[in-house]
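Notes to accompany the following structure.
The values are calculated or read from the model by the stated rules, or taken from the named source; none is laboratory data. Every value quoted in this text rests on a predicted model; they were computed, and no experiment measured them. Here Cβ is always computed from backbone atoms with ideal geometry, including for glycine, and neighbour counts include all displayed protein chains. Accessible surface is based on the protein model in full, side chains and every heavy atom, while ligands, DNA and RNA are left aside. Shrake-Rupley method; radii C 1.70, N 1.55, O 1.52, S 1.80 Å.
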Amino acid sequence: MRVWQTVFAPSAAEVSPQPVPQQADLVLVFGSVAHFDAPDFTTRLADAFPGAVLAGCSTAGEIVGDGVLDDSCTVTAIRFDRGAVIAAEAGIAAIDDSQPAGEALGEALAARPGLAGVLLFARGVAVNGSALIDGLMSRLPAGVPVSGGLAGDGGAFVRTLVLSPSGVSDARAVAVGLYGDGPHLGLGSVGGWEPFGPARKVTRAVGNLLLQLDGEPALNVYKRYLGDYASDLPASGLLFPFELLNGNHDSVGLIRTILGIDEAAGGLILAGTVEEGFYLRLMHASTDGLVDGAEQAGAIAAASTESDTGKAGAGKAAEGDRLALLVSCVGRKLVLGDRVEEEVQAVADRLGAGTLLTGFYSYGEIGPMRDLVDCRLHNQTMTVALLTER
């Protein structure tokens with residue numbers, strides 16, 4: 001397996017990557033909406049990498065090397081020695097299309113034997129990410145690792161874009177299937193947030209709309225705990241997510257971000273679904289806690305990979321034999337501020353030389369639960385997928 005990477009700065013007039021020394025099987029592209037909207041964006045990529053599967057999405061910040069960029073575009077080409085790549089696509093015109101889209105993607109990928117892993121990228125607004133992933137997982141063979149994320153648009157939450165073999169769309173999901181006995185995905189997902197306050201029971205919820213906690217309007221409860229921050233809703237909701245707990249008040253390993261409020265219903269619009277009968281507890285974060293969480297995610301991904309670990313390359317153009325896909329939440333980026341690169345550097349240090357890093361800041365992260373197999377939609381989490389070849 002070989003990996004080549006090029007970064008196009010915000011000042012670049014267009015994305016026109018040079019062909020790599022060998023034919024690529026898969027090309028992952030992450031960048032700003034402006035880059036994805038550029039004329040002939042897909043055509044230029046297809047010309048540079050003939051025959052390769054194109055996949056990626058717009059972002060709320062690009063991860064490359066051991067740093068974070070804004071308004072740039074990263075292009076990462078991968079060639080496998082013993083592996084095949086197939087992409088499936090599905091339209092998501094409205095939120096209700098999310099689960100059927102996931103099921104269609106899963107059925108398409110499962111139709112071919114030898115599926116070793118899946119990378120999923122989908123629109124980041126007007127989508128139920130939980131339902132999308134549930135639909136996908138329901139059709140995949142048991143134990144297939146899945147990673148990826150929901151697209152961003154620089155924090156505007158208005159229009160996000162997905163790149164697939166059919167081109168660029170604002171209403172689509174693409175799932176990349178890795179096949180054969182060569183490709184291997186080692187996964188890790190850790191938040192690093194700290195809980196505070198009591199656990200409160202979800203007494204009424206519809207999909208991703210949280211209506212009541214302990215029988216009281218959820219918005220009232222949330223505002224009471226936020227205090228002065230309540231006047232900044234829904235933006236301040238990114239700083240105070242919920243931790244999902246089971247009936248015993250034990251964490252299930254999922255965090256839910258508040259994306260909006262419904263004043264009329266007294267509800268909170270979450271980035272993923274919650275079920276009645278479960279419990280929620282508020283969380284907050286420190287910079288050190290988030291960085292430590294990212295480092296743990298990198299360590300878990302490395303430990304679940306059969307290959308030896310190495311260190312990430314960086315620069316405008318780079319080459320390596322392993323690739324780490326990092327998908328972190330835009331909420332973490334806001335909390336970390338000027339120290340945002342520290343969480344990326346922590347992962348790079350864990351993975352070592354020979355590993356290139358790519359990825360993005362997202363509106364939802366896709367990664368494993370604590371069993372490292374059952375993948376779900378996460379919020380406010382650093383997810384790491386270490387792609388190697390046996």
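Structure notes:
- Test result for S189, among the hydroxyl-bearing types (S, T, Y), under 27 Å from D374 (Cα atoms) and modelled with pLDDT under 95: yes
- Pairs with Cβ under 6 Å, 6+ apart, first in segment 197-225 and without any contact (Cβ under 8 Å) to a residue 60 or more places away in the chain and farther than 16 Å from D262 by Cα, second in a helix (DSSP H, G or I) and open to solvent by less than 20 Å² (accessible area, probe 1.4 Å): none
- Only one of the listed residues (V174, V168, V118) is touching a Leu at 6+ places or on another chain (Cβ under 7 Å) and crowded, with 23+ Cβ neighbours inside 10 Å. That residue is V118.
- A single member of L226, L254, L245 is under 22 Å from T381 (Cβ atoms), modelled with pLDDT under 90 and surrounded by 20 or more Cβ atoms within 10 Å (Cβ to Cβ), and it is L254.
- Condition met for D71 (more than 20 Å from F121 (Cα to Cα) and surrounded by fewer than 22 Cβ atoms within 10 Å (Cβ to Cβ)): no
- Test result for D181, touching a Leu at 6+ places or on another chain (Cβ under 9 Å) and among the acidic types (D, E): no
- Annotation: of all residues in segment 32-54 being in contact with a helix residue (DSSP H, G or I) (Cβ under 9 Å, 6 or more places away or on another chain) and small (G, A, S), the one that is nearest to I78 (Cα to Cα) is A52.
- Of all the residues in segment 145-165, those that are among the β-branched types (V, I, T) and open to solvent by 10 Å² or more (accessible area, probe 1.4 Å) number 1.
- Scan of segment 148-186 for residues that are closer than 19 Å to F80 by Cα and in a loop (DSSP other than H, G, I, E, B), ordered by number: P165, G180, D181, G182
- Residues that are under 23 Å from I258 (Cα atoms), touching a residue at least 60 places away in the same chain (Cβ under 8 Å), touching a helix residue (DSSP H, G or I) at 6+ places or on another chain (Cβ under 9 Å) and among the hydrophobic types (A, V, I, L, M, F, W, C) within segment 321-375 comprise L326, C329, V330, L334, V335, V340, I366, C375, listed in sequence order.
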